[in-house]
C-alpha cells in the first residue's frame, strides 16, 4: 500500500512496546540525493523542537495511527 505525506501527517505515532502515544507526525525527513524517506518528525515540546524517528522504526501505517518500535529507533546502524 502506498502512502503520501498528507496521509501520514496528523496520524498519531504509538509505541508498540508500551502503548504510549508519542504525538502526531508533523513532517517527513527526505534524502533528496537518494530519493528516500529517512524518517519522520514528532512534536518535541518546547520551542517547536521536533523528535526525529528513523524510518526503520515504523512498524505499520494504519488507517488512524502509525505503530512504531522505539527500540529500533535507538539501535545503531
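Quick notes
- Checked against (1) assigned to a strand (DSSP E or B); (2) touching a helix residue (DSSP H, G or I) at 6+ places or on another chain (Cβ under 9 Å); (3) loosely packed, with under 15 Cβ neighbours inside 10 Å, residue 56 passes all but a single condition, namely (1).
- Residue list for the range 30-53, restricted to those being closer than 17 Å to residue 4 by Cα and loosely packed, with under 15 Cβ neighbours inside 10 Å: 30, 31, 32, 35, 36, 38
- Only one of 28, 6, 13, 71 that is modelled with pLDDT under 85 and either touching a helix residue (DSSP H, G or I) at 6+ places or on another chain (Cβ under 7 Å) or not in a loop (DSSP other than H, G, I, E, B) (or both): 6
The values are calculated or read from the model by the stated rules, or taken from the named source; none is laboratory data. Model, not experiment: these values are computed from the prediction. In this analysis, Cβ positions are derived from the backbone assuming ideal geometry, glycine residues included, and neighbour counts consider all displayed protein chains.
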